[in-house]
Every structure is written in C-alpha cells, then in structure tokens.
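The values are calculated or read from the model by the stated rules, or taken from the named source; none is laboratory data. These numbers were taken from a predicted model, which means no experiment stands behind them. Using ideal geometry, Cβ is built from the backbone for each residue, glycine included, and neighbour counts are taken over all protein chains shown. For the accessible areas, the whole protein counts, side chains as well, though only heavy atoms, and no ligand, DNA or RNA atoms are used. Shrake-Rupley method; radii C 1.70, N 1.55, O 1.52, S 1.80 Å.
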Amino acid sequence: MDVTEIIGTLNPAQREAVTSADSHLLVLAGAGSGKTRALVHRISWLVEVEQVSPFSILAVTFTNKAAREMRQRIERLLGVPVGGMWVGTFHGLAHRLLQTHNRDAGLPDNFQILDSDDQTRVIKRLYQALDIDDSRWPVKQTQWFINAQKDEGLRARHLQASQDPFHRTMHRLYAAYEESCERGGMVDFGELLLRAHELWLNKPELLQHYQQRFRHILVDEFQDTNSVQYAWLRVLAGKDSRVTVVGDDDQSIYGWRGARIENILNFNCDFPDVKTVRLEQNYRSTQNILQAANAVIAKNGDRLGKNLWTEGPDGEPISLYAAFNEQDEARFITEQAKQWANKGNRWSDIGVLYRSNAQSRVLEDALIRAQLPYRIYGGHKFYERMEIRNALAYLRLLTNRQDDAAFERVINTPTRGIGEKSALTLRQLARDEGMSLWHAAEKAVAEKLFPSRAATAINGFLQLVDGLQQEVEGLPLHEQVEAMLQRTDLMAFHGREKGERGQARKENLAELVSACREFSAEDPERPALPQFLSEAMLNAGERQADSDQDAIQLMTLHSAKGLEFPLVFMAGMEENLFPHRMSGDEPGRLEEERRLAYVGVTRAMEKLFLSFAECRQLYGKDNYNAVSRFVRDIPAELVEEVRLSNQVRRPTSYAGGSSALFSDQGSGTGFDLGQRVMHNIFGEGTILNFEGNGPQARVQVNFDSEGSKWLVLSFAKLEPV
Ligand code: ATP
Ligand code: MG
C-alpha cells in the first residue's frame, strides 16, 4: 500500500484536508462531496505517512454500521488490521469507557442499559410512587425533559428551584428518576454520555491517561453532536490533541434530540488555529438529483452556504407518483423495485426511506406479498421478539403437533427439566422412525425409552398441550391466547426476567392478546387461530432477509444519514407526515424537517422516486393530506409524474398541492378509481386499481373491514355506494 493510493483518487480540496499538517481541521461540505471519504483517507494518511500509531487515534461516527464500515475501509486502505484504534459512536465509546472504569464512574460491575422503552416504564412507575397525574403531565413529556437536561449536561441538582408547576413537577420527577436509576444500577443513553463526561471532570488522572493516548481525534457528522458530546470531546482533546471534524450544517437533523449546529461555529472559537476546508464537488448524485436537493434546501435561511456541483450526467428526471392510498403507494414501490432488479441490478442498491417508523408495516406487507427480500434498519419487529416467538410456537403446536420447529422452541421453555440429552434422543428417534418430534415423544413415553424423571417431564409437556387444546376449544381467539399464556406459565416465566426486560416482555405478550382481539379472520367459517398464525408468521422475521443477504433496504430518513443508494424511494411525501405535523409547533423544527428532506434526496445516486398518498391510514385513522411542500419546492422541469400501468391514468395533480381528481374510468368497467362500492360479503370499500379486460377484468378494492382484495369483476357483483 503506498501513498499515491491514499491521495491519488482525491480532488485538490480533499487532498488538502487529508494531508493537512495543521493542528485542527474543519471540513465543511455538502452531501456526497466526499467528507466521510476524506476522513477515512486522512486516518490512513496519518498512519501511513505521519507514522501515527493506530493506538493513538479515536474516530467517532454516528451509527454502529458507519463505524464498522469506517474500520473496514481504513483496513482496506492500509492493508492491515487496526485493532488498537478506537472507532465507534459517542454512545459506544462512552459505554466502553464506563465499562472499563465502572468503579471510577460510580457504577456497579454489570450496570444495565435502559433503552427508550425501558426508560418510559421506569418513569411510569415513579408516577405511581409519587402520585403524579399522567393525564396532566404526560410521561413522554417527562422523558423528553429528562433527556434534554442530560444532553445539556444538567443533573437534577443543577436545576434552579422554580414556582412554575410544570418545572417543579419535572424537577421532582427528574430527581426521583436519578435516584431510582442509581439504586438499580441502570444507565440510559443520555446518562452514558453524561457519566463519561463526568468521568473526565472527576478523575483527572484518568483524563490525563486518555489525553496522552489519543493524539488524534476525528469526528464524522459533526453537525449532529449535542452539548455533552462536544464538551466530552473538548475536554479529552485538551491542549495537545489534533482534532478533525467533518460535517454539513444542512444535514443537521437531530436538533430534536439535543444536537447543536452551533458546535460547527463554536469549533472555530474553541480550538486555536482551525483550518477550514470546503468541498463543493459532489460525486454521488446526478445533476437532476443534485439540483432538486439544492432547490429544497435553498428555502432555509441561516445557512453557512455551500454550492454543490457535479461533473456527472443530468440523469433521469425525478419521478413523482400520486398514490391513491398507502397500499397503492407500497404496491407501486414494489413494482418499480422489481422492474429495477429485472434490469440486472442488486436489491441492496435500493433504499426505501420514510419519515416515521409506522409507515413500514404497509411497505413490508407489500414486499412480503411480492416475495421480495428486504431488510429494516433500526427498530425490531414485533413478531421477531423472543417472547412473541415463544407464544406463537405454543399456538402453532396447538394447531399442528407436527410442527417440529415450534416443538423444539418450547419443549423446555419455560424450563421444565428437559435437558439437551433428552432432546437429542427425541431428535434421533424422530429421524430414525421418520416421525415428528411430537410423535417421537409420545412413543418414547409409551415405550419407556427415557429414565423416569425425563419421561415424567416430557409426558407433562404432552399433557399440557393436549389439555390446553381441549380447554380453549370454542373460545374467542384472544381468550385462547390468554389461557395459553397462563397455563404454559409463559407470562410469568418472562415476567420473572430481571428488571425492565421482564416488564417489557409481559407488555408485549399482552399486546399479542390485543392483536388477537382485533384480528378479523378472512374466512369466518374456519377456526381463527390458524388464520391468525399464518398472518403472524408472514409478518415475522423469517421473511426478513439476513444481514448479508442481498435485500432492499428499508429505513427512516434519519437512519439513512451518511448512506447512499443508486435507487431511492422517498415514501409518504405529504404535509403533516413530512414535514411532520409537530414541526409547526416549535421554532426551527420546520427547518430541521427541510434538512431531513435534503438528506433524503441526496441519498440517491442515479434515480429518485417521490410518492405521496391522497389518503393514508396511519395510527388507525384516515388522513387526507396535500402533497408535501418539499415536493413542490423542486422545480417542475426536474420532475415527471409516473403511472403504474397504462390502465390507470390520472391527471397531473401535484403542482400547487391540489388533490388529484380521479376522473378516468377503469377499462370501461363502469367504475372509477377511488369510487366507493359495496360487496355482499366484504362490505364497503374503495376501488384501488383495475387489471385486464372483458370477462377476465379484475378490480382491487380496499375494504374497510377486510383490507385490500383483488376480485374478478364479473363475479364480484359490486354495487356503487
Ligand atoms: P454525506 O454528506 O451524505 O455523508 P459525504 O460528504 O460523506 O456524504 P462520501 O460518502 O464520502 O460523501 O462520498 C460520496 C460518494 O462519492 C462516495 O461514493 C464516494 O466514494 C464518492 N467520492 C468521494 N470523493 C470522490 C473522488 N474524489 N473521486 C471519486 N469518487 C469520490
Ligand atoms: Mg458522510
């Protein structure tokens, strides 16, 4: 590996950043201009040319995924592993420090990390203990308050006493929360950062040790650091470390979580002799995509101002799809993704981005139906959780004793003294005799193939499942599940798990019961349980691609920061969804939403699809929103409206944000898109799409209670409502 390889592929400005001998460096540049690339190359430069030991380098990025990639890219450039180098997120690095020095940080050996859900539950319990009314002071608000204080480095004892009832209550809750976490050895995300910072302040000898070690500190996505992170960094850097930060003020999207764009401006004052490098050439996106991004962000005031350009081709226009509703949108995306892959492209080159997590379910459903591989970043899926999978396994056994996977999963869950040895014997017997594990177990018990203790345990399990089936027969679905959770002891078993996790698992199991209560079977004549199970299994993780499998990438716009995809879909481009409806409330929030739109658009390399739904069901409600202002901000000459298939035509509708009017009739069927119709079994619904002609003509109807179905028109006997 030689030096030309490190700098050979860089433009002059990038080269200046990579090879800078200045003590401090700020790289301020727009999306896709090679900031991350410059950072990676700089680290390689330091090691290779300046002969800096990897051991004395600390690199910080925004996500764990980015950290992994950064390490890989450095190692590829250098050709050797760089194990001693610290590469991670602020949270990850803080965690590492606290684990190494837990005594000094005042934490027990195995301190427990609270995620956001855990945190909510701890706070809820305090409401009961302190007799505080959660209708007056919503729990979420308290959680925000506490986190915001921590992001600013403030503990409860630092807050001024106040007469204001809101402030007084929050103060009291914060103090109680701190005490409760302290007692339980629990550390939330904000606490990780704050403690790591306090570690510097309280233990000067430790600080000195790390100051001497980390002579080079490099930070990517610097625009999204919050006050504590910045303070931690400054203290660590001390007088002697060299600090490189790279960022883009236009991509600051975590203000709602305490990030401070001002850190970019402060950096110049807080550190002496900062050299600033600006990168303006974009290497990622086509001309059209870049122009669209520039137009969107231009509406924000108060920018540091950058002018991005590219030598690349104009590329294809940006495509806009006006969907009738969210299902139509999901189907459109699926269809386009398929077409793109059919041209020989990889699935993983496709990014589907959305504003809020709740949008993913419909997209997932469509992808599952189309049998396309996909993967969701961040946030686990409900049906993937351990306790839910255990519960489903019992239910599967109830409906089908031959289900070996289910059998294996729960034969000893909750623990009932059936060890690995017995399980092995059962597996062997099943294989030899060509029978299911269930039958093997029955046979083994009947023929006394096990020592008596194991035999009793296995027999107990068989009796339990058989007995349960008799018990629940004829009960409504949710009562069946409730009975199962009690009789198998699964609820209590998971509830016994230590701390917040146990509580969370119990709540999830309760959520499963309510999912069953809400479930409406497709065929009311057949038993509900198997129908529910097949739907749940379709939704479960089995269908989600493994991390190394080639798969479409689904994620929120926030998680897409720093990434790039040849093909990008931005779904749900509607007012009140994006910009988010909360963004009107607080000053600065709308600007942040706009930056998020800029982040989204600049993820696309070759092709960008924007879509919006005329009507969207979200959180159980129908919403009719105008097309997002961010779409309208893109110059019309860059945009083309697309149609899914030529059977469906609709007038140009997006300009000015007016609602589309569906006036075209579907293939001479006598019905219109969007028309309300009545079906004698499925009830009322709305026409979504048409397909085919004559006697084969089919129509897709989204029924209010039954969901979307394709029907053959000549049989369906639809009546206009
Ligand atoms: P973001 O703001 O989204 O984080 P960024 O500024 O960090 O973007 P990079 O991800 O580093 O940009 O680079 C964007 C793309 O441009 C990458 O695919 C990268 O490999 C490519 N690129 C950057 N610089 C060059 C260059 N000098 N020559 C060729 N390709 C480059
Ligand atoms: Mg980057």
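Structure summary
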quantity: Antiparallel DSSP beta bridges within the chain, as percent of all bridges there, nearest 5; calculated: 30
quantity: Derived scalar couplings ³J(HN,Hα) [the range 346-363; Karplus, 6.51 cos²θ - 1.76 cosθ + 1.60; whole Hz; x for Gly, Pro]; calculated: 8, 4, 6, 7, 9, x, 10, 10, 8, 6, 10, 3, 4, 5, 6, 4, 5, 5
quantity: Accessible area in the full protein assembly, largest first, 1.4 Å probe, for 518, 198, 329, 182; calculated: 518, 182, 198, 329
quantity: In Å², nearest 10: area of residue 131 left accessible to a 1.4 Å probe; calculated: 130
quantity: The chain - accessible surface per residue (Å², probe 1.4 Å); calculated: 46
quantity: Rg over Rh, two decimals, the chain (C-alpha only, Kirkwood Rh); calculated: 1.00
quantity: Charge dipole magnitude, Cβ of K and R +1, D and E -1 - the range 112-184, Cα centre, debye nearest 20; calculated: 140
quantity: Over the chain: helical MRE at 222 nm, DSSP H runs n ≥ 4 each giving -39500 (n - 2.57), nearest 500; calculated: -13500 deg cm²/dmol
quantity: Trypsin sites (Lys or Arg not before Pro) restricted to the range 331-425 and DSSP loop, no more than 16 other C-beta within 10 Å; calculated: 343, 346, 381, 416
quantity: The chain - percent of accessible surface contributed by carbon and sulfur, probe 1.4 Å; calculated: 47
quantity: Under-5 Å amide H pairs with residue 689, H placed in peptide plane, nonlocal only; calculated: 700
quantity: Charge dipole (debye, nearest 20) of the chain; +1 at Cβ of Lys and Arg, -1 at Cβ of Asp and Glu; calculated: 1200
quantity: Probe 1.4 Å - accessible area at residue 505, Å² to nearest ten; calculated: 40
quantity: Pairwise centroid distance, computed over Cα atoms, of the range 491-519 with the range 51-111, Å; calculated: 35
quantity: Summed side-chain charge close to residue 35 - residues other than residue 35 whose Cβ falls under 9 Å, Lys, Arg +1, Asp, Glu -1; calculated: -2
